Amino acid sequence: MKGYERQRYASFPDSIASGMLAGRGKILLVEDDDLVREMFMAYLSVFGYEAMAASDAESALRIFSENREGFSLVISDIVMPGMNGIELCETLLEVDPALKILLTSGHIPDFINARRLFMRFEFLQKPFTPEEFEQKVRTLVSGPLKVMQAAD
């Protein structure tokens, strides 16, 4: 992650934490960048969510299978070593078709079909503010399920 992106994520406005309703739900966060993962976990904690973290898709699959009570939301980076975030989320949806998914990325690689990505999953472009992150997570956890379109 570039230095300016780290600096943007490092500041956490007091407005987020003050007077905010606690979030409800269990979230699985999948992010290979240690600093970003730690910051997102801190944000989710401040937002009031119970969250578990994985540094790669294989760890995420293990955590998902060991927590049968389920997750309200999975947040995953797209670009990761090994299985990418889209492949991970497609695998998780085979197990739980009602699972809500939020994909994040600083860029969308050429091998990703962007149209298909945006039809199937919610997406948040990095870098984003803590306020944008909180709003998207809260909307997904409490809002209706996005209807998944058939893959091309």
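The values are calculated or read from the model by the stated rules, or taken from the named source; none is laboratory data. Only a predicted model underlies this, so the values are computations on that prediction, with no experimental measurement involved. Positions of Cβ are generated from backbone atoms using ideal geometry, with glycine treated the same way; all protein chains shown enter the neighbour counts.
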Ile112 being at pLDDT below 90 and touching a Ser or Thr at 6+ places or on another chain (Cβ under 9 Å): yes
Region 23-35, residues that are at pLDDT below 95 and either touching a Pro at 6+ places or on another chain (Cβ under 9 Å) or not charged (D, E, K, R) (or both): Gly23, Gly25
Residue that is modelled with the lowest pLDDT [pool: residues in region 115-127 that are aromatic (Phe, Trp, Tyr) and surrounded by fewer than 17 Cβ atoms within 10 Å (Cβ to Cβ)]: Phe118
Count of residues meeting criterion [part of a strand (DSSP E or B) and either surrounded by 22 or more Cβ atoms within 10 Å (Cβ to Cβ) or modelled with pLDDT under 95 (or both)] in region 52-65: 1
Number of positions in region 66-103 that are of a type in the set (S, T, N, Q), under 21 Å from Leu44 (Cβ atoms) and at pLDDT below 95: 2
Scope region 66-108; condition in a helix (DSSP H, G or I) and either within 17 Å of Leu140 (Cα to Cα) or not acidic (Asp, Glu) (or both); matching residues: Gly85, Ile86, Leu88, Cys89, Thr91, Leu92, Leu93, Val95
Residue among Met41, Met80 that alone is in contact (Cβ under 8 Å) with a residue 40 or more places away in the chain and hydrophobic (A, V, I, L, M, F, W, C): Met80
